Structure formats: C-alpha cells, structure tokens
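Trainee: My structure is below; once you've seen it, I'll send some questions.
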Amino acid sequence: MRTIVVLLTALCVIGSAFWAYHENYKTQEAYSQLDHLQRDIGKARARLAVLRAEWAYLNRPDRLRELAELNFERIGLLPLTPEHFGAVSEVDYPAPIDELEFDLDGSVDVSSEGADQ
C-alpha cells in the first residue's frame, strides 16, 4: 500500500512539474507577444505623429491660398468672405405650434383627485 502511495505521489509531482514547465513557456510567449505589440504601438504612434505634422504642413493657409490661385481656371475655388455666409434672418424656421390638441375620447382617468381616502 505504501508503494502505491509513493508511486502516486511521484506521478503527481511529475505531472505538476510538467504542467508548471508548460505554463512557464506559455507565459514567456505571452510576454514576447506583449513586447511585440508594444513595439508596434510605439511605431504606429510615431508614424501618426509624422502624418499629423505632414497634414499640418500641407494645410497651411498660405499654401492653400496659393494653390487655389494657381488652379483657379481649372477648379474655380474662391476665398471665403463674409458675403458667402447667410444671415440668421434668412433661416426658414418651422411655424410655431400655438396649442397642441389631444383627442381624449375613450381615455381612462387615473388621477387620484376626488378619491375617498
């Protein structure tokens, strides 16, 4: 009986060691993937910063104005002036509703007014 207990204990120790070894390598692989993802995120953020700087450089008002003047015959862009915008008085608002009418035929009164207490 003692031999069986020792044998089962040894098998449990070997199984636990195998499981711990396997989990260790899975954890190391997860850390490796995490490092790769963090590196990729850092590269993406750096690229995004460069793209934002390029966008700001290309959208300079003086550059866009010059391009609009050079290509006026082809695209017909004009600079915006206050005359291009409408006045508030030109906005067509919907007519106000004076009074809402509700059809109360067939409704049930659920108020507590006039109820005996």
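The values are calculated or read from the model by the stated rules, or taken from the named source; none is laboratory data. Worth saying up front: this structure is predicted, and the values here are computed from it rather than measured. In this analysis, Cβ positions are derived from the backbone assuming ideal geometry, glycine residues included, and neighbour counts consider all displayed protein chains.
Results for (1) surrounded by 10 or more Cβ atoms within 10 Å (Cβ to Cβ); (2) among the polar types (S, T, N, Q), shown as yes or no for each residue.
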residue	(1), (2)
3	no, yes
13	yes, no
23	yes, no
27	yes, yes
39	yes, no
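Trainee: Oh, and also: Do you know which of the residues in the range 85-104 that are part of a loop (DSSP other than H, G, I, E, B) and of a type in the set (Gly, Ala, Ser) is nearest to residue 64 (Cα to Cα)?
Mentor: Taking the candidates together, the pick is 86.
Trainee: What number of residues within the range 85-102 satisfy the criterion of being at pLDDT 75 or above and among the charged types (D, E, K, R)?
Mentor: Here the count works out to 2.
Trainee: What number of residues in the range 49-84 are in a loop (DSSP other than H, G, I, E, B), at pLDDT 85 or above and loosely packed, with under 10 Cβ neighbours inside 10 Å?
Mentor: Within the range 49-84, residues that are in a loop (DSSP other than H, G, I, E, B), at pLDDT 85 or above and loosely packed, with under 10 Cβ neighbours inside 10 Å number 1.
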